[in-house]
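To start, the structure itself, in structure tokens.
We did not get these values from a lab; they are worked out from the coordinates using the rules stated. Owing to the predicted nature of the structure, the values given are computational and were not obtained by experimental measurement. Cβ placement follows ideal geometry from the backbone for every residue including glycine, while neighbour counts extend to all protein chains displayed.
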Amino acid sequence: MSNLVEELKKEIASLKTAAQKKNVGVITEISDGVARAEGLSEAGYNELVSLPHDLTGLVLNLEEDSVGIVVFGDYKLLKEGDEVTTTGKILSIGVGENLLGRVVDSLGKPVDGKGTLKTAKDYPIEKIAPGVVFREPVNTPLQTGIVAIDTMIPIGRGQRELIIGDRGVGKTAITIDTIINQKNSGVICIYVAVGQKTSKIALVADILERYGALKHTIIVAAPASESATMQYLAPYAGCAIGEYFMDEGKDALVIYDDLTKHAWAYRQLSLLLRRPSGREAYPGDVFYLHSRLLERAAKLNKDLSGGSLTALPIIETQAGDLSAYIPTNVISITDGQIYLEADMFNAGTRPAINVGLSVSRVGGAAQRPSMKQVAGSLRLDLAQFRSLEAFAQFGSDLDEATKKQLDRGQRIVEVLKQPQYQPTEVEKQVALIWLVTNGHIDDIEITNIANFQEKFLDALSTRGKKLLEEIGKEKTLTDKLTGDLERFVQDFKKGFK
Amino acid sequence: MKISKKALKIAKPLLKAAFIGGKINEGKVRGFLKILKKHPSKIGSEVVFSLQKLIEAETLKKQLVLETPFPLQAKTVDRLKNEFEALLNRQLTVEIRENKELIGGLRIKNSDNVWENTVESTLQQLKGALVR
């Protein structure tokens, strides 16, 4: 008890109280989490304001005669005539290592019931992206563990790669696999859930925990039950957390699941703030909403910290329409996209990546040379297969070369199929792609390929451990390595039934 | 009532015209109201409402409200008036309000600006620091 009194005394002694100058206003209107106040002539854009009942708000509209404020918390407690005071502060979030393994809301408050959080620093939620001189080109790969992505649509650290597709085609699954694959890579992952069902967020947290990936992950949750304000802020909060790790010289990966719902939340706020609406009722600055967020993904140069922030935004399309407003906006902002197709998903090709419509504009520069060596022609082979496959459906007689190409294509498709939560190490991916592109599985029945692949990868982890290590060590597949691989495959095939 | 931008655009020059020698001229305002009354319309009522708001805001700008839990000496009031007139660079009228909730100290209001050094605000600051 005496300790407590002493502590209180200390706190009081250190408190500096002085005459304060405040700028005040009064609420003239309040509805759906948005308040309008008169006065506040000195309020700044994005400034935090203090409201009665210990509530806070964010200034989002500065008009000639009033100020539009979005309220955090229970806005129903407020009424017309309540006083609003400027704080001179901008919205910030507590960041630090302690956030790892936790689920927090858009303001950094823990929502996982694991107790309070002590953070190292406060980072502003809105920040200008690093300029050109502070960056360096993307040069380090970010391995997702998904063969189809790492081989044909490689992602580099600091890149922004969009994951786009209809609902229920495996967009979130790709990001979860990517998080699981970062277990020993040192990459800190931030999963931002915007407008998702709370049950889905709980499921993601559970899966990550089960696969030992929650330790290097932070979940920022703004479920559908949260206000539009919290949903609007969540991606920026996740980005601020990622920036902390980037500034510390670490590599961070932030997943925005998904920006379609984020745009919806912003549209709702904008309409309530009575901003003029444009196409599909979105406000005029909906492009800037996403561009300023995604521009914050960067690979910093060595003079700064050398850290990176990779962004994997997700966009949900309606009936595969890539040319809708928000999808086209985000496609143009990002450095490439992974397009997931519902038809492929339903046909059993999972991950259902449409290689023809997917692209990585900068990731190639970061891809491992050995991977480039073996997977260089994969994309073309697959594209040729798809076009031949369409012709072959007419049932006409095919020449031997075409048949061979079709057979090879089918095998490539089979090899690229991958079960969920089983990311593949990059060395194994190199060996696997080498195997298929060099015709080593041409003699295996299509229906038996999954089994062959599983056993081959198992054999590589046990008997071929040394070989894998060498693939990992060497930059390219040397003649010696190819010879070793060839011998290993022959040996394995002898024992494979 | 929602005020349209158009109404605000009309009301602003009317307010400017209503000021003569830094003071609002009641006769002029009444004149404006008469004209607006002759042509009743939605925009007309918006202009009246908007003009009322602008006049209120202008009046508040020229008013210095001193809130205190105890009566102030005339000397102190004069000093404060002179200081604030110099600070804000305009003539001010002083209004004194008694507010026991402040416990001690002084709260000074001009338009939407508040200068506060009261026991109540100190306690609030203390509460904020302890809760944090």
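Would you please state which residues of the range B:87-109 a label at B:LEU123 would reach in this model, taking the label point 7 Å out along Cα→Cβ and a backbone N cut-off of under 11 Å? Taking a point 7 Å out along Cα→Cβ of B:LEU123, the residues of the range B:87-109 whose backbone N falls under 11 Å are B:101-104. Coupling constants for the range B:45-61 follow from the phi torsions by the Karplus curve (6.51 cos²θ - 1.76 cosθ + 1.60, θ = phi - 60°), and in residue order they are 5, 5, 5, 4, 4, 5, 5, 4, 5, 5, 5, 4, 5, 5, 5, 5, 5 Hz; glycine and proline get x. Per-residue mean of foreign Cβ neighbours for A:3-13 is 1 (Cβ atoms of other chains, 10 Å radius).
Taken about its Cα centre, the range A:1-108 carries a charge dipole of roughly 480 debye when the Cβ of each Lys and Arg holds +1 and the Cβ of each Asp and Glu holds -1. A helix-only calculation puts the protein assembly as shown at -13500 deg cm²/dmol for mean residue ellipticity at 222 nm, using -39500 (n - 2.57) for each DSSP H run of at least four residues, averaged over all residues.
Going by neighbour counts of Cβ atoms within 10 Å, the residues A:LYS21, B:LYS100, A:LYS261 line up, fewest first, as B:LYS100, A:LYS21, A:LYS261.
Can you sort A:THR85, A:THR175 from fewest to most other Cβ atoms within 10 Å of each residue's own Cβ? Don't skip to the end; give the middle numbers.
Numbers: A:THR85 19, A:THR175 23.
Least crowded to most crowded, the residues run A:THR85, A:THR175.
For chain A, the dipole from Cβ point charges (+1 on Lys and Arg, -1 on Asp and Glu) about the Cα centre works out to 1040 debye, to the nearest 20. Packing, as the average of other Cβ atoms within 10 Å across residues, places the peptides A:115-125, A:214-224 in the order A:214-224, A:115-125, highest first.
Round to the nearest 10 and give me the degree value, 0 to 90, for the angle of helix A:259-272's Cα axis relative to the longest principal axis of chain A. Between the helix axis and the principal axis of chain A, the angle is about 20 degrees. For chain A, take the longest principal axis of its alpha carbons; what is the angle in degrees between that and the long axis of helix A:171-181, to the nearest 10 within 0 to 90? That helix lies at roughly 80 degrees to the long axis.
Restricting to Cα pairs below 8 Å that are 6+ residues apart, what does the relative contact order work out to for chain B? Please round to a whole percent. Let's see the in-between values first.
Numbers: 145 pairs, mean separation 29.2, N = 132.
With pairs under 8 Å counted, the relative contact order is 22 percent.
Shape of the range A:1-143 from the C-alpha gyration tensor: oblate (a/c of 1.5 or more and a/b not above b/c, with a ≥ b ≥ c the square roots of its eigenvalues).
Among A:162-173, A:142-153, sorting by the average number of other beta carbon atoms lying within 10 angstrom of each residue, highest first, gives A:142-153, A:162-173. Mean partner shielding of peptide A:20-32, defined as the number of other chain Cβ atoms within 10 Å of each residue Cβ, is 3.
Tell me, how many Å apart are the Cα centres for the range A:126-140 and for the range A:286-317? First find each Cα centre; the distance between them is then 8 Å. Note on the range A:362-401 and the range B:93-123: Cα centroid distance 77 Å, given to the nearest whole angstrom. Computed 3J(HN,Hα) for the range B:92-100, one whole-Hz value per residue from the Karplus formula 6.51 cos²θ - 1.76 cosθ + 1.60 where θ = phi - 60°, is 10, 9, 9, 10, 10, 10, 9, 9, 5, glycine and proline marked x. If R0 equals 41 Å, the separation of the Cβ atoms of A:GLU454 and A:LYS200 corresponds to a calculated FRET efficiency of about 0.90. In terms of surrounding Cβ atoms within a 10 Å radius of their Cβ, A:ASP397, A:ASP251, A:ASP381 rank from fewest to most as A:ASP397, A:ASP381, A:ASP251.
Take peptide A:39-45, look around each residue's Cβ out to 10 angstrom, count Cβ atoms belonging to other protein chains, and average those counts. Please report the intermediate quantities before stating the final value.
On the way: counts 5, 1, 5, 2, 1, 0, 0.
Neighbouring Cβ atoms belonging to other protein chains average 2 per residue here.
Which shape class, rounded, prolate or oblate, goes with the protein assembly as shown when its Cα gyration tensor gives a ≥ b ≥ c as root eigenvalues, a/c under 1.5 marks rounded, and past that a/b bigger than b/c marks prolate? The shape class here is prolate.
Comparing A:PHE72, A:LEU91, A:LEU477 along the charge dipole axis of chain A, the residue lying farthest to the positive side is A:LEU477, per the Cβ-charge model.
Any idea what the dipole of the range B:5-60 comes to, in debye rounded to 20, about its Cα centre with Lys/Arg Cβ at +1 and Asp/Glu Cβ at -1? Using Cβ point charges on Lys, Arg, Asp and Glu, the range B:5-60 gives about 260 debye. Helix A:479-495 and the longest principal axis of the Cα set of chain A meet at an angle near 70°.
Enumerate by residue number the chymotrypsin sites (Phe, Trp or Tyr not before Pro) in the range A:1-106 meeting two conditions: DSSP loop (anything except H, G, I, E, B), and at most 16 other Cβ atoms within 10 Å of the site's Cβ. Numbers along the way, then the final one.
Numbers: sites: A:TYR45, A:PHE72, A:TYR75; in loops: A:TYR45.
The qualifying sites are A:TYR45.
Extension gain, A:LEU398-A:LYS475: 0.36 nm per intervening residue step, less the Cα-Cα distance, totals 23.7 nm. What whole-number distance in Å separates the alpha-carbon centres of the range A:206-254 and the range A:12-69? A separation of 28 Å, based on Cα centres. Backbone amide hydrogens, once placed in the peptide plane, bring A:TYR191 within less than 5 Å of A:ILE218, A:ILE219, A:VAL220, A:ILE255, excluding anything fewer than 5 places away on its chain.
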